[in-house]
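The values are calculated or read from the model by the stated rules, or taken from the named source; none is laboratory data. All figures in this text were calculated on a predicted structure; none of them were measured in a lab. Quick reminder, even Gly has a Cβ in these numbers, built from the backbone with ideal geometry, and neighbours come from all protein chains shown.
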Amino acid sequence: MAPPTTTTGLFFEEVLLAHETAHQWWGNRTTAASYRDNWLMEALANYSALLYLEKHKGQKAVDRMLESYRDNLLAKSEDGKIVDSAGPIVLGQRLENSQQPEGWRIITYGKGSWIIHMLRKRMGDQRFLAMLSEILKRYDHASIDTEQFRKLAAQFLPPKSDDPQLESCFGQWVYGTGIPALKLNYTVKGVAPSVRVSGTITQTEVSEDFEAMVPVEIQVGKGQSVTKWVATSSEPATFSVTLRQAPLKVAIDPHNSVLRR
């Protein structure tokens, strides 16, 4: 596993050893069913290392690593295409070719970590950690494939979640390619105790069939916020939230919950 193009010191000092240690669970205790599922072992090991980094150095250090992975995925080759376009993560070693010699490494470790991170943000920390525990319990000294992982992960989503089986999520991020650029526009109308925040999220830089779940955070007081998850598509995605008071701030994905430009 090579370091990302930036944050090299952080990688060697904090992430590398934790990553290799995590393979005791992801790769040894639980294994991949085939080469198409190997990304799971590397992504889970690397994200376990990021959990260690978060505990040891704080969230800003994790954000730096995730931003580095994103930048590597968006880097362009000689033909002008970004690394992510080399193919879906399930292609495994076939992602490495003459046009994208670093494709397998960057997509497997970088995009793989982002996929696990996005699942964590959809679930919340308590459900996410319970999911990791359940994988090890259910697949102790056994192999797991990508579809088994999807079905298990879906069981740990909050009640009444959009995309309850994670079929759209995996269709885009695991079996597809693309990193969207997202733009938020919104209006605030009404007076307390009936204030309506309405907005649109416009998505570009991806194919017309690309969909993603994106959080909009509405800050309503100091340390208080409402999060609205919005499903994006080729058409502007609309949302509306009624509040008891005017918001202090409305922001799209302020906590790096989605891989985006």
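Scan region 192-220 for residues that are more than 19 Å from W173 (Cα to Cα) and either small (G, A, S) or outside the structural domain of L243 (by TED's automatic domain parsing) (or both) and the total you get is 4.
The single condition from (1) in contact (Cβ under 8 Å) with a residue 40 or more places away in the chain; (2) in a strand (DSSP E or B); (3) more than 30 Å from W104 (Cα to Cα); (4) not acidic (D, E) that M213 fails is (3).
Entry remark, region 23-54: residues being among the charged types (D, E, K, R) and buried (at least 21 other Cβ atoms within 10 Å of the Cβ) number 1 in total.
Selection of first residues in region 29-45 that are under 14 Å from V174 (Cβ atoms) and part of a strand (DSSP E or B) and of second residues that are at pLDDT 95 or above and among the hydroxyl-bearing types (S, T, Y), restricted to Cβ pairs under 7 Å at least 6 apart or on distinct chains, gives the following pairs, ordered by first then second residue: A32/S143.
Listed conditions (1) farther than 23 Å from A32 by Cα; (2) at pLDDT 95 or above; (3) in contact with an Asp or Glu (Cβ under 9 Å, 6 or more places away or on another chain) are all met by E67, apart from (3). Within region 62-87, being of a type in the set (S, T, N, Q) and outside any helix (DSSP H, G or I) holds for one residue alone: S77. Evaluating G80 against the criteria (1) crowded, with 17+ Cβ neighbours inside 10 Å; (2) at positive phi leaves one unmet condition, (1). Scanning region 216-261 for residues that are surrounded by 13 or more Cβ atoms within 10 Å (Cβ to Cβ), of a type in the set (D, E) and outside any strand (DSSP E or B) yields a single hit, D253.
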